Every structure is written in C-alpha cells, then in structure tokens.
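Notes follow once the structure below has been shown.
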Amino acid sequence: MSRDQYAQRRAGRVAALQYLYAWSLNPPADLAADLDVFFEGQEQPRDTYAFGEQLIHGTIEHVAEIDAKIRALAQNWDFDRIARIDLAILRLAIFEMLYRKDIPPIVSINEAIDLSKVFSNADAKRFINGILDRFKGDLGRDARKAATE
C-alpha cells in the first residue's frame, strides 16, 4: 500500500470514528442527508473519505451483531458504561475484522489503538486492545494476513 493510500485510509477511519461517535449520541432520521452534511464539513472532498464512508455504512448496518460481540467480550463491564468514543472505536474495528477480509485483523487492532490514543483517555488503549485481542482469537483466520477468498 502506498503512502497516499495509507493516509487516505487513516483519514477515512478518523472520519468514520467521528461520525459513528456522533451517530451513537444522536442517530439521524435520514442517514444519507446526515452524511451529506457531515462530509461537507470535512477538510477534503468527500471522495477522499470513500473508505471511511464504507466503514460507516457497514458498521451501522451490522451494529446489533457487533454490539452483541462487544457485550460478550467485555467481561465484567456494563455495556452502557463503556465510553461512547471507546464504543465507536470498538464497533469500527470489529466491523473491519468481521467484514473487511482485505484488512489483516492486526492492522484493524493497531489502527483502533492509535485512534484511542488520539481520541480517548490513556487507559482506553488497554481496554480496547484487550477486547480486540480476545475477538481476534475467535476469528479463525491468520491475524497478520488479509484473507483470500
């Protein structure tokens, strides 16, 4: 992956995280219209965030399944007490690990930890890493390779 592609994916993940966090606080009645407004406020043209937009749609589409997995993995944690930003990071990473076979799970975990360092508190990275590491073990595929189908 080129440096530009990497930067574009990183920007997409950041945008996806920001949107999913806002969405978790106040889900819109019209997702398409809300996304239009969201992307108008971004620094780059909307197509720059195409990867992030795919992550947003996929995560929202599968949020019930993803949340069930988080509930099962967050032992000794009340789901409703997980910080909303940490929940958004977990949702994003678990969506990637489940549905984006082109991304090695370890990459999704590393990206989630990096996002937590920027957007959450110092303790969040341990919590997020713990959940995602347990989840990685349940995937049944090589965590360091993209799956080939």
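Descriptive notes on the structure:
- In this structure the range 1-94 gives 56 Å² per residue of accessible area when probed at 1.4 Å with all protein chains present.
- The accessible surface of the chain, taken with every protein chain in place and a 1.4 Å probe, is 48 percent carbon and sulfur.
- Listed peptides 11-19, 44-52 by packing density, highest first (mean Cβ within 10 Å): 11-19, 44-52
- The range 70-90 versus the range 111-138: alpha-carbon centroid distance in Å: 11 Å
- Sites matching GluC sites (Glu not before Pro) across the range 27-114 that sit in DSSP coil, with at most 16 neighbouring C-beta atoms within 10 Å: GLU43
- Mean separation of Cα contacts under 8 Å (6+ apart) over length of the chain, as relative contact order %: 23 percent
- Only Lys, Arg (+1) and Asp, Glu (-1) charged, at Cβ; the chain dipole about Cα centre in debye: 700 debye
- Over the range 1-78: Rg over Rh, Cα atoms, Kirkwood Rh: 1.04
- Charge tally for GLU111 (other residues, Cβ to Cβ under 15 Å; Lys, Arg +1; Asp, Glu -1): +4.
- When shorter helices are ignored and each DSSP H run of at least 4 residues is given -39500 (n - 2.57), the per-residue value for the chain at 222 nm works out to -22500 deg cm²/dmol.
The values are calculated or read from the model by the stated rules, or taken from the named source; none is laboratory data. Computed from a predicted model, the values in this text were never measured in an experiment. Here Cβ is always computed from backbone atoms with ideal geometry, including for glycine, and neighbour counts include all displayed protein chains. Just so you know, the surface numbers come from the protein's heavy atoms only, side chains and all, with ligands and any DNA or RNA stripped out. Shrake-Rupley method; radii C 1.70, N 1.55, O 1.52, S 1.80 Å.
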